[in-house]
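For reference, the structure is listed below as C-alpha cells.
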Amino acid sequence: MATPPGARGTAQKTTTHPQVLTGAKLVLPTGTVTDGRLTIDGTKIAAEAPQGTAEVVNLNGWLLPGFVDIHNHGGGGASFSGTADDIETAIRTHRAHGTTTLVASTVTDDMDILVRQAGLLSEFAEQGDLAGIHFEGPFISPCRKGAHSEALLRDPDPAEVRKLVDAARGWAKMVTLATELPGGLDSVRLLVELGVIAAVGHTDATYEQTAQAVDAGATVATHLFNAMPVLGHRSPGPIAALLEDERVTVELINDGTHLHPAALELAFRHAGADRVAFITDAMGAAGVGDGRYLVGPLEVEVSEGVARLVEGGSIAGSTLTLDRAFKRAVTIDRLPVADTVAALSANPARLLGLYDTVGSLEPGKDADLVLLDENFDLKGVMRKGTWVVDPQLG
Ligand SMILES: [Zn+2]
C-alpha cells in the first residue's frame, strides 16, 4: 500500500488550535461576504472560535469551498488505471489544484483488469483520499467510443455491471453507459437499485431513447455534447433530452477545447446553475504538460495542452485542473462567481450524496477550502483543516 497522499508532498501545516481566516471574500450558499471570517477547528468549519483561543490568519482574495471532481482519470503524469503510486500522484496533483473531493474514473479495459483496479482504488477511498469510483466503459457505444478501446467494448449486461460495482466494495459512485444498447435500461435500473449513479454517455441514442433512460433512473449526462450525436432540429438526440429534464445533472468540460463557449453558455442557461457539474475528465498530462501518455491501453499525444489519440486523433480527455476551469468560467465565460462555485462544489457534492460534509462553507462541514487571488489564480488549498497549499508559505 502506498503512503497516503496527505502524508507527504506539498507544504503542510497541521492545525492544533482553532484558526480564524479573515480578509478574504467568502463565497457562502447565501451570497458573498466581503471581509468575512471563517473559523476552522480541527478538521471542520466551526460556528465560532472559543474566545481568545484562535489564531487569526489574514488572507486576501476569494475563499471558496474545495472543488469536487466527479470525472477524472489522472494527473501529474499518472493515471487512476495505474499502480498505487500512480493513484497517489494523481490525487496529490489535483488536490494541489483545489480538488479536495475526487472521484477516480477508469476507462474501458478487460473486465478482469477493471475488477482488479476497482479493488485498488477502493483502498484509497477507504482511507479517505478518494470519494469513490466512476466506471467509464466498457458498456459504451462503438459509434461514440472516443478514447476507449473498441475491441474491449461490450453491451451493458446487468450481471457484468453488478460485478464491477461489487469489485468497488461499496465505493462505486457512477457508471457511464450507452443506455440504448441491449441491456442498457435494465442496467440503469440495477444501478439505481444499488445506489450507484447511472450516467448517460458515449452514446448514440435518440432523443426518445435518452428520455427512456432518464425515466429508468439515469441522472447524469457524461460530458454533455462530447461523445454523443449533435443537437439537430429534427433529431434533437440525447443533448436535448438530457438538458431539458430537471432530474439530470450535466457534466461540462470547460477547457476551451471540448466545448465552444457558446455551447457551454447554452447548456448553462438551459440547465440552470443548479444542474451543471464542471469536470476535468483529466488524463495523466494534467498538471504536467505535453508529451506521450497512456489512457487505459491506448497511446495519447498531448500537444499544446490538447490530448489526442495517437491513432485516429480523437480527443482523449483533458489536461484541465479545476482551478483553471474556475478561472476560465469567471473570466472568459463571464459566469457569476456564485454559479461557478455551485458547478464546481455544491452540485457535484449533492450528486454524490456528500453535501452534508462538503460542497459549501458552512459550520459542521469539512474544512475544505480554496483560496484564489483577485485574478482568480490559486493561492491556497486546505483539506480537512490542513493546508495542502499554504498561502503563507507561497
Ligand atoms: Zn472520461
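A few notes on this one:
- Subset tally (residues that are of a type in the set (A, V, I, L, M), crowded, with 24+ Cβ neighbours inside 10 Å and under 22 Å from TRP387 (Cβ atoms)) for the range 69-101: 2
- Only one entry in ALA329, ALA338, ALA349, ALA342 is under 19 Å from LEU252 (Cα atoms) and touching a Leu at 6+ places or on another chain (Cβ under 7 Å), namely ALA329.
- Just one residue in the set ASP377, ASP373, ASP366 is over 21 Å from the mean Cα position of the chain (by Cα), acidic (Asp, Glu) and more than 27 Å from SER81 (Cβ to Cβ); that residue is ASP373.
- Number of the exception - GLN212 against (1) within 18 Å of VAL103 (Cβ to Cβ); (2) away from the ligand (no atom under 16 Å from the Cβ): (1)
- Elements of the type strands (runs of 3 or more DSSP E) sitting completely within the range 246-299 and holding at least 3 residues that are within 13 Å of the chain's Cα centre (by Cα) and either among the hydrophobic types (A, V, I, L, M, F, W, C) or in the same structural domain as HIS202 (by TED's automatic domain parsing) (or both): these cover 249-253, 276-279.
- Among the residues listed as ALA282, ALA286, ALA349, ALA329, the single one being touching a helix residue (DSSP H, G or I) at 6+ places or on another chain (Cβ under 8 Å) and either surrounded by fewer than 24 Cβ atoms within 10 Å (Cβ to Cβ) or closer than 14 Å to VAL68 by Cα (or both): ALA282
- Close pairs from the range 245-261: first closer than 18 Å to ARG308 by Cα, partner hydroxyl-bearing (Ser, Thr, Tyr), Cβ under 6 Å, at least 6 apart: ILE253/SER318; ASP255/SER318
- Count of residues meeting criterion [at positive phi and either surrounded by fewer than 16 Cβ atoms within 10 Å (Cβ to Cβ) or at pLDDT 90 or above (or both)] in the range 2-36: 3
Let's see how each residue does on (1) touching a residue at least 40 places away in the same chain (Cβ under 8 Å); (2) among the hydroxyl-bearing types (Ser, Thr, Tyr); (3) closer than 17 Å to GLY256 by Cβ:
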residue	(1), (2), (3)
LYS327	yes, no, yes
TYR355	no, yes, no
GLY364	yes, no, no
PRO391	yes, no, no
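- Selection count where residues are surrounded by fewer than 17 Cβ atoms within 10 Å (Cβ to Cβ) and modelled with pLDDT of 90 or more, scope the range 310-326: 1
- Hey, PRO297 surrounded by fewer than 23 Cβ atoms within 10 Å (Cβ to Cβ) and either under 29 Å from ALA172 (Cβ atoms) or in contact (Cβ under 8 Å) with a residue 24 or more places away in the chain (or both) or not: yes
- Residue in the range 267-278 that is within 16 Å of the ligand (Cβ to nearest atom), buried (at least 22 other Cβ atoms within 10 Å of the Cβ) and either among the aliphatic types (A, V, I, L, M) or modelled with pLDDT of 90 or more (or both) present: yes
- Of the criteria (1) more than 20 Å from ARG95 (Cβ to Cβ); (2) under 16 Å from the mean Cα position of the chain (by Cα), which one LEU320 fails: (1)
- Selection from the range 104-133 of residues that are within 15 Å of the ligand (Cβ to nearest atom) and either over 12 Å from GLY170 (Cα atoms) or hydroxyl-bearing (Ser, Thr, Tyr) (or both): ALA104, SER105, THR106, VAL107, THR108, ASP109, LEU114, GLN117
The values are calculated or read from the model by the stated rules, or taken from the named source; none is laboratory data. Note that the structure is a prediction, hence the values are computed from the model and not measured. Every residue, glycine among them, receives a Cβ derived from its backbone with ideal geometry; neighbour counts consider all protein chains shown.
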